[in-house]
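Peer 1: First the structure, which I've put down as structure tokens, then a few questions once you've had a look.
The values are calculated or read from the model by the stated rules, or taken from the named source; none is laboratory data. None of these values were measured; they are calculated from a predicted model. Note that we place each Cβ from the backbone using ideal geometry, even for glycine, and neighbour counts take in every protein chain shown.
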Amino acid sequence: MLDVRDISFSYSGKPAVSSVSFKLEAGKHLALLGESGSGKSTLLKLLYGIYDLDSGSISFDETSILGPKFNLIAGDDRFRYLAQDFGLMPFSTAAENVGSFLSNINITKKRDRIEELLDLVDMTDFAQVKPKNLSGGQQQRIALAKALASEPKLMLLDEPFSQIDSFRSKNLKRRLFHYFREKDIACIVATHEGDDALAFADEILILKDGQTLQKGIPKHIFQNPETIYVASLFGEAMQIPMRHFNAESRGEVIVYAHQLRISQSGLRAIVRSSYFHGDHYTIEASYTDGILWFRNSVPIMNGQGVFLSLMK
């Protein structure tokens, strides 16, 4: 089990991670979700032992994870950390990169393992190609296979699908996270993609300015965002005064676009634009307190007035 207790870290006196705590059981998956600069990458580096903590502690199976002041070589043999720069050997083949952590004692076993992992990331046809001749997305897939080669207990992944084509990444994500669960590999993924966090994580930790804003299971966080920042990580979200839906209500409510529906009464808005998304249109509209978005099955003429009700 990974046990992170009240850790903090600063760059040149500027806080980068502040009082973050969480636990991760064997085989479980945690998503670190937040905008760029929120502290996700720094937190992963702290977990791997690349930086020294200012305060707090990190342990894995009751063994302390320490930084460069205590270790000549950063990292833990039970972990694999995949950074955004991939760390591939440019003049070795894809297969040689994947097998670089594997023993040469049993060549047949090593070859079979390389073939298994190349198949997992759909790169079998590129086994003998050098990374310098591969696209960024292909390099990222080779880096994923390389990180998995020695069967780590914990994977630390920093935006692991950022350069992979959308149509290919969806299937790859399903295959990888199924593989992680099958092999009982714990995983921490830093991402800014709310959909990924909802689909594949057992728990989500929301970061902003290095601080934890909210932590919990995906469904609970999605349905009960504590701030507009949290909600906006999962799609179009707005903070709307409740008086627009009920004259006697006070305060504000956080609303997703899919929760607003055209009705006979309610919030009055003027349509500005309609955006086609395949199975629905996202409608942009203005109202007395600003801009909002809602979904509709058909486009609506610009300038048309509508009433919107809140669907919980």
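Peer 1: Got at least one residue in segment 233-242 being under 30 Å from L53 (Cβ atoms) and either assigned by TED's automatic domain parsing to the domain that holds M155 or touching a residue at least 40 places away in the same chain (Cβ under 8 Å) (or both)?
Peer 2: At the first step, the residues of segment 233-242 found to be under 30 Å from L53 (Cβ atoms) are 233.
With the extra rule that they be either assigned by TED's automatic domain parsing to the domain that holds M155 or touching a residue at least 40 places away in the same chain (Cβ under 8 Å) (or both), the set shrinks to 233.
Yes: segment 233-242 contains one or more residues that are under 30 Å from L53 (Cβ atoms) and either assigned by TED's automatic domain parsing to the domain that holds M155 or touching a residue at least 40 places away in the same chain (Cβ under 8 Å) (or both).
Peer 1: Exactly one of (1) part of a loop (DSSP other than H, G, I, E, B); (2) modelled with pLDDT under 90 is unmet by F167. Its number?
Peer 2: F167 satisfies all of (1) part of a loop (DSSP other than H, G, I, E, B); (2) modelled with pLDDT under 90 except (1).
Peer 1: Residues of segment 239-273 being within 16 Å of M311 (Cβ to Cβ), in contact with a Gly (Cβ under 8 Å, 6 or more places away or on another chain) and crowded, with 17+ Cβ neighbours inside 10 Å, which ones?
Peer 2: Answer for segment 239-273, where residues must be within 16 Å of M311 (Cβ to Cβ), in contact with a Gly (Cβ under 8 Å, 6 or more places away or on another chain) and crowded, with 17+ Cβ neighbours inside 10 Å: H244, F245, Y256, A257, A269.
Peer 1: May I ask you to verify whether K14 is of a type in the set (D, E, K, R) and either free of Cβ contacts under 8 Å to residues at least 12 places away in the same chain or surrounded by fewer than 20 Cβ atoms within 10 Å (Cβ to Cβ) (or both)?
Peer 2: In short, yes.
Peer 1: Something else about it: Filtering segment 297-312 down to residues that are surrounded by 17 or more Cβ atoms within 10 Å (Cβ to Cβ) and in a strand (DSSP E or B), which residue is farthest from the chain's Cα centre (by Cα)?
Peer 2: Going through segment 297-312, the residues surrounded by 17 or more Cβ atoms within 10 Å (Cβ to Cβ) turn out to be 300, 306, 308, 310.
Adding the requirement that they be in a strand (DSSP E or B) leaves 306, 308, 310.
Numbers: V306: 36, L308: 32, L310: 29 Å.
Here the answer is V306.
Peer 1: Can you tell me which residue within segment 50-91, out of those that are of a type in the set (G, A, S) and more than 17 Å from S10 (Cβ to Cβ), is farthest from the chain's Cα centre (by Cα)? Before you say what the answer is, go through the steps one by one.
Peer 2: Pass one, segment 50-91, residues of a type in the set (G, A, S): 55-57, 59, 64, 67, 74-75, 83, 87.
Subset that is more than 17 Å from S10 (Cβ to Cβ): 59, 64, 74-75, 83, 87.
Details: S59: 23, S64: 26, A74: 24, G75: 22, A83: 13, G87: 20 Å.
Only one residue tops the list, namely S64.
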